[in-house]
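The values are calculated or read from the model by the stated rules, or taken from the named source; none is laboratory data. Computed from a prediction, not measured in an experiment: that's the story for all the values here. Because the Cβ atoms are built from the backbone with ideal geometry, glycine has one as well, and the counts that use them run over all protein chains shown.
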Amino acid sequence: MRKNTTRSIVIMALCLVLNIVCSNLILMLRLPIYLDAVGTIFAASLLGPFGGMAVGGATGVLVGVTSDIFSLFFMPVQLVIGAVAGMLYKRKQATQLKNSWWLALAISLPGTILSTIITVILFNGITSAGSSIIVQLLYGAGMNQALSVFLVQIATDYLDKLLTVIFVSLVGRLLVKRLSSIR
């Protein structure tokens, strides 16, 4: 993010609202994905790593104090996602839809490792996410707790980030077309 212009602040605020709405909707429905970083990745794609990190950090705090206390503890994951996505979106290839699979993997892997550590150490594998049910099923079937958390995290994080990256790519294209037709 180069300057705190009015446009940048408005984009970050809209992305923050997008994160809050999506994360609360998924939390209510108890789905095994998160969608709490849609705005973080979108802000990172438009404003760079610091814009993504600002939106991710604000999301962790606001959702943590309003609707889901676990978000406070997972704020470092949001920061990592914002930083990694911002760095990757600087490359032109990242905006192409055909590259979504590797971009989602590159964004989700550091967050998966960090969230697995947080989940196992702080919460014994149980969080407010719908994926905790799957973790408990695997753990109850005799699998190691850390391994069950990691396997569930890697699968759900990748699916979550793949959906997010596709959304960001499609909306980014739409915005470029709309903005170029206005000029």
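A few points about this structure:
- Scoring GLY48 on the criteria (1) modelled with pLDDT of 95 or more; (2) on the phi > 0 side of the Ramachandran plot; (3) not charged (D, E, K, R) leaves a single failure, condition (1).
- Tabulated pairs, the range 37-56, first closer than 15 Å to LYS90 by Cβ, second assigned to a helix (DSSP H, G or I) and polar (S, T, N, Q), C-beta under 7 angstrom, 6+ apart or interchain: ILE41/THR164; LEU47/SER8; GLY51/SER8; GLY52/THR40
- Taken over the range 96-116, the criterion of being more than 30 Å from LEU175 (Cβ to Cβ) and surrounded by 19 or more Cβ atoms within 10 Å (Cβ to Cβ) is satisfied by THR116 alone.
- Hits in the range 117-138 (condition: part of a helix (DSSP H, G or I) and surrounded by fewer than 21 Cβ atoms within 10 Å (Cβ to Cβ)): ILE117, ILE118, VAL120, ILE121, LEU122, PHE123, SER132, ILE133, ILE134, GLN136, LEU137, LEU138
- In the range 152-165 there is no residue that is free of Cβ contacts under 8 Å to residues at least 12 places away in the same chain, assigned to a helix (DSSP H, G or I) and either over 22 Å from VAL84 (Cβ atoms) or among the basic types (Lys, Arg) (or both).
- Per-region count, the range 28-50, residues under 25 Å from VAL149 (Cβ atoms) and within 14 Å of the chain's Cα centre (by Cα): 9
- Number of positions in the range 96-116 that are touching a residue at least 60 places away in the same chain (Cβ under 8 Å) and either under 13 Å from PHE70 (Cα atoms) or outside any helix (DSSP H, G or I) (or both): 1
- Residue that is surrounded by 20 or more Cβ atoms within 10 Å (Cβ to Cβ) and of a type outside the set (A, V, I, L, M, F, W, C), where the choices are GLY48, GLY57: GLY48
- In this entry, PHE123 passes the filter for residues that are among the aromatic types (Phe, Trp, Tyr) and closer than 18 Å to LEU72 by Cα.
- Restricting the range 51-95 to residues that are closer than 21 Å to LEU170 by Cα and not in a helix (DSSP H, G or I), the residue that is farthest from the chain's Cα centre (by Cα): ARG91
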